[in-house]
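Below is one structure, written out as C-alpha cells; the observations come after it.
Every read-out reported here was derived from the displayed coordinates using simple, explicitly stated rules and does not represent laboratory data. Bear in mind that the values here come from a model prediction, so they are computed numbers and not experimental data. No Cβ is skipped: glycine too gets one built from the backbone with ideal geometry, and neighbour counts run over all protein chains shown.
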Amino acid sequence: MFVARNLLVSALLLLATAAAGQQGGDLQAQILYAYQSEDGNGLVNLIQDLTTQVRADAANAPLRYHLAHAQYRRGLMAGAHAAHQAESAFADCIDALKPLLSRDVKSVEALILQSACYSGLANHRKIESVLLRSRSDERLKAALKLAPRNPRAVFLASMDGLRETKPGSAEQQRAFAQLQLAVQLFDASSATSVETPGWGHAEAYLALGRELQSRGDQLGARNWIEKSLIAAPDYKEAQRQLAILVRR
C-alpha cells in the first residue's frame with residue numbers, strides 16, 4: 001500500500017512537471033508568434049495576463065521570465081514610432097528580471113534577457129545611455145563567462161559587435177564570425193525546452209542573411225532568410241527582407 005501510494009505521488013509529480021513544461025512552451029510560442037506576426041494587441045494581452053499571473057504567484061520564476069520576454073518583444077515592436085511605449089516596456093523587462101537575479105546571480109538566461117533590455121532602453125534614454133550600455137555589457141559578459149556557447153548570448157554579442165565596429169575592420173570580421181557561430185549553436189540547440197528558452201533562431205538566421213546580403217552574397221542571403229521563415233513562417237520582417245531580395 002505504501003509503495004503504491006509513493007508510485008501514485010511520483011506519477012502525479014511527473015504529470016505536473018509535464019504540464020508546467022507544456023505551459024511554458026505554449027507561452028513562449030504565443031509571445032514569439034505575436035512578435036513575429038506583429039500582433040501588437042495580442043502581445044499587450046499576453047503581458048496583461050502574465051502580469052496578473054505573476055502578481056498571484058510572485059515566486060514563479062518561469063512566469064516572471066516569460067513576462068520579461070513579452071515586455072522585451074513589446075519594446076522591440078514599439079521601436080522608434082512609439083518611443084514612450086518602447087522605453088516603458090524595456091524598463092518593465094529589466095524590473096521583472098531583478099527578483100530572479102537577486103535569487104540567482106548566475107541565471108544565464110535572465111542575464112542575457114536583461115542585457116538585451118538594457119541595450120534597448122539605452123536607445124531611448126540618451127542621457128543615461130552610457131550607463132545603460134555598460135550594464136548591458138556587464139550582464140552579457142557575465143552570461144558568456146558562465147555559458148560561452150549559449151546561442152542567445154553569442155548572438156547578442158555578435159550583433160553588438162557588428163553594430164559598433166567599422167565595415168571591413170578586423171573587429172567586424174570577428175563579430176561576423178561570432179554571428180556564424182551563433183547560427184551553428186542555434187542549429188545544434190533545441191527549439192523549445194522547459195529549462196532553456198528557445199527564442200532567437202529565426203532572428204539569428206535573418207541577421208546572417210542580411211549580413212551576407214550586405215557583403216554581396218545574394219544566394220547565401222536568400223538561403224538564410226528562407227531558413228528564418230522555415231523556423232518562423234509568420235515572421236513579417238523576414239518576409240519583407242525576402243521580398244526585397246527577390247526584387248533585386
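Contact order, relative form, for the chain: 14 percent (alpha carbon pairs under 8 Å, 6 or more residues apart, mean separation divided by residue count). Remark: relative contact order (segment 149-248) = 20 percent; criterion is Cα-Cα distance under 8 angstrom and separation of 6 or more residues. Placing +1 on the Cβ of every Lys and Arg and -1 on the Cβ of every Asp and Glu, with nothing else charged, gives segment 149-248 a dipole about its Cα centre of roughly 340 debye.
Using Cβ point charges alone (K and R +1, D and E -1), the dipole size of the chain about the Cα centre works out to roughly 460 debye. Count Lys and Arg as plus one, Asp and Glu as minus one, and take only other residues whose Cβ is under 12 Å from that of V54; the net charge is then -2.
All other residues whose Cβ lies under 12 angstrom from that of N123 are scored, Lys and Arg at +1 and Asp and Glu at -1, for a net of +2.
Spread over its residues, the convex hull of the C-alpha atoms of the chain is 150 Å³ per residue.
Using the Cβ of A68 as centre and a radius below 12 Å, the other residues enclosed give a net charge of +1, where K and R count +1 and D and E count -1. Here's the list of aspartates and glutamates a cross-link from K236 could span, going by alpha-carbon distance under 14 Å and ignoring same-chain residues fewer than 8 apart: E38, D39, E203, E226.
Note on K166: lysines with a C-alpha under 24 Å away, same-chain residues under 8 apart excluded, are K126, K141. In degrees, nearest 10, range 0 to 90: what is the angle between the Cα axis of helix 236-247 and the longest Cα principal axis of the chain? It is inclined by approximately 30 degrees.
Pairs of Cα atoms nearer than 8 Å and 6+ residues apart set the relative contact order; for segment 29-151 it is 19 percent. As a ratio to 2.2 N^0.38 Å, the alpha-carbon radius of gyration computed for segment 149-248 takes the value 1.06.
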